[in-house]
Amino acid sequence: ESSLDKHHQFIHRLSDRNNTRGTQNMWLISTRNISHSQSYNYHVGIHLDDINYSISLSGYNSQIKSLPQFIDSFSFNDSLNMPTSKLYIGSGNKNGFEFIYRKKQGLISGWISYHMNQTKYDFPEINNGEKFLANHDKRHELKAVIISKVYNFDITANWVYSSGSLYTDL
């Protein structure tokens, strides 16, 4: 399988250090001052499937343009008249691959997956013009799901290990 496509995003994540919502972010819709982002996405993969098992391996690359980054506090009243000193426009590049192995039948079924990703941003006005990892970048992610049926109940165990989360203080 393969794909080549272009996406437009008209909603942007607002990461505000004064946010009291914990890990939940707020989102802004594009305006004449906050343009939409666009990305060019490339994907290639192979998928093997039979009655008992399936295996999937895929790789991807995404090039992002017109990516907004909001600095300091932000007031929603400013969204139509936002000073440009709080808004920087840059670009990004995201690439990685994913491997999934799934056992479909038997006393124990489930799947295991490994995902490697790197998301880098490039904003000339931020980080002395050096590219930096996005604050949502997780380099490695290993997941496992084990499912077994006991009488009329499905018993499931999930496990997730991820690394590469980082802290970026803008």
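A few remarks follow.
- Residues of segment 119-143 classified as under 12 Å from LYS94 (Cβ atoms) and touching a residue at least 40 places away in the same chain (Cβ under 8 Å), total: 2
- Positions within segment 84-110 being in a strand (DSSP E or B), more than 21 Å from the chain's Cα centre (by Cα) and over 12 Å from GLN69 (Cα atoms), in sequence order: TYR101, ARG102, LYS103, ILE108, SER109, GLY110
- In segment 99-114, the residues that are farther than 12 Å from ASN52 by Cα form Cβ pairs under 6 Å with partners that are of a type in the set (Ser, Thr, Tyr), at six or more places apart or across chains, as follows: PHE99/TYR114; ILE100/SER56; ILE100/SER113; ILE112/TYR101.
- Filtered residues of segment 77-98 (kept if out of contact with any Lys or Arg (no Cβ under 7 Å at 6 or more places or on another chain), open to solvent by less than 50 Å² (accessible area, probe 1.4 Å) and either modelled with pLDDT under 95 or over 30 Å from ASP49 (Cβ atoms) (or both)): ASP78, SER79, MET82, LEU87, GLY90
- Residue that is least open to solvent (accessible area, probe 1.4 Å) [pool: residues in segment 102-143 that are among the aliphatic types (A, V, I, L, M) and touching a Leu at 6+ places or on another chain (Cβ under 8 Å)]: ILE126
- Only listed residue being under 30 Å from LEU87 (Cα atoms) and out of contact with any Phe, Trp or Tyr (no Cβ under 7 Å at 6 or more places or on another chain), chosen from ASN135, ASN152, ASN158: ASN135
The values are calculated or read from the model by the stated rules, or taken from the named source; none is laboratory data. None of these values were measured; they are calculated from a predicted model. All Cβ positions, even for glycine, are placed from backbone atoms using ideal geometry, and neighbour counts span all protein chains on display. For accessibility, only protein heavy atoms count, side chains too; no ligands or nucleic acids. Shrake-Rupley method; radii C 1.70, N 1.55, O 1.52, S 1.80 Å.
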